[in-house]
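Below is one structure, written out as structure tokens, with a few remarks after it.
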Amino acid sequence: MNTVLFPGTFDPITGGHIDIIDRSSRLFDRVIVTMAVNSAKQTLFTDDERESLIRESLKEELPDRTNIDVVRITGLLVDYARNSGAIAAIRGLRTPGDFEYEMQMAMMNRRLYNEMTTIFIPADEKYASLSSTLIREVARYGADVSGMVPACVARELRRKWDESR
Ligand code: ADP
């Protein structure tokens, strides 16, 4: 059974992430979405919120898929890969900038654990210019992000900024 990991911060999960998860789950037997916690990154959504939004989004967008799991990881991805028996980490590629960073990361991960390969999946045209950072920024000013993120995420973004006003 081929298990792959899809690591990320998912602050919050977007349509671009869902598309990569969708395609990975058709290609491989099992996909584990590994959500990074305790990283140096300051996040808008708490660990609990990010995880719930991933789970709810998967229910909304890919309701019949039974081969997708969600876990939180605190340490290195390669350490989790070693213990889970995953053969690859999936990363989405949007821009040449992504590629430069992702190649370095892939080489480092391979050096740390050469049983894990990084597989790049090109972003869908529809989502190629989308990032969690941009979504957070425009949502902050009340922009309508439906169509770019799952409905539950759009709702939570609205709630977050309404609360802070
Ligand atoms: P990280 O902090 O690890 O980059 P992200 O949550 O920002 O976490 O991204 C996780 C993965 O999803 C990365 O491989 C990233 O390239 C990919 N990704 C992010 N946004 C998109 C998108 N719009 N389309 C395709 N892949 C994406």
Asp22 and Ala151 label points (each 7 Å along its Cα→Cβ direction) are spaced in nm at 1.6
In order over the stretch 98-110: 3J(HN,Hα) from phi, Karplus 6.51/-1.76/1.60, θ = phi - 60°, whole Hz, x for each Gly or Pro, gives 4, 4, 4, 5, 5, 5, 4, 4, 4, 5, 4, 4, 5
Phi angles of the stretch 145-162, converted by Karplus (6.51 cos²θ - 1.76 cosθ + 1.60, θ = phi - 60°) into ³J(HN,Hα) in whole Hz with x for Gly and Pro, give 9, 5, x, 9, 10, x, 4, 5, 6, 4, 5, 5, 5, 4, 4, 4, 7, 5
Candidates Met35, Met148, Met103; GNM for the chain (alpha-carbon contacts under 10 Å) flags as most fluctuating Met103
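Using a Förster distance of 41 Å, how high is the FRET efficiency between Thr117 and Lys160, based on the Cβ-Cβ distance and rounded to 0.05?
E between Thr117 and Lys160, to the nearest 0.05, is 0.65.
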For the chain, the Cα convex hull volume per residue in Å³ comes to 110
Over the chain, the sum of -39500 (n - 2.57) across DSSP H runs of at least four, divided by residue number and rounded to 500 deg cm²/dmol, gives at 222 nm -14500 deg cm²/dmol
Kirkwood radius from Cα pairs of the stretch 48-100 plugged into Stokes-Einstein at 25 °C, 0.890 mPa s, gives D in µm²/s equal to 181
Here the relative contact order (percent) of the chain, from C-alpha pairs under 8 Å and at least 6 apart, is 31
The aspartates and glutamates whose Cα lies under 13 Å from the Cα of Lys126, excluding any fewer than 8 residues away in the same chain, are Asp19
In debye to the nearest 20, the charge dipole size for the chain, taken about the Cα centre with +1 at each Lys and Arg Cβ and -1 at each Asp and Glu Cβ, equals 180
Listed by chain and number, the lysines with an alpha carbon less than 22 angstrom from that of Lys160, same-chain partners under 8 positions apart left out, are Lys41, Lys59
FRET efficiency for Lys41 and Asn2 from the Cβ-Cβ distance with R0 = 30 Å, rounded to 0.05, comes out at 0.55
Dipole check, the chain, charges on Cβ (K,R +1; D,E -1), about Cα centroid: among Ala106, Ser52, Gly8 the Cα furthest to the positive pole belongs to Ala106
Output ordering of 135-141, 86-92, 27-33 (per-residue mean of other Cβ within 10 Å, highest first) is 86-92, 27-33, 135-141
Answer in debye to the nearest 20: the dipole magnitude of the stretch 23-62 about its Cα centre, from +1 Lys/Arg and -1 Asp/Glu charges placed on Cβ, is 260
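Bear in mind that the values in this text are calculations on the coordinates, not laboratory data. Being a predicted model, the structure only gives us computed values, none of them experimental. Note that we place each Cβ from the backbone using ideal geometry, even for glycine, and neighbour counts take in every protein chain shown.
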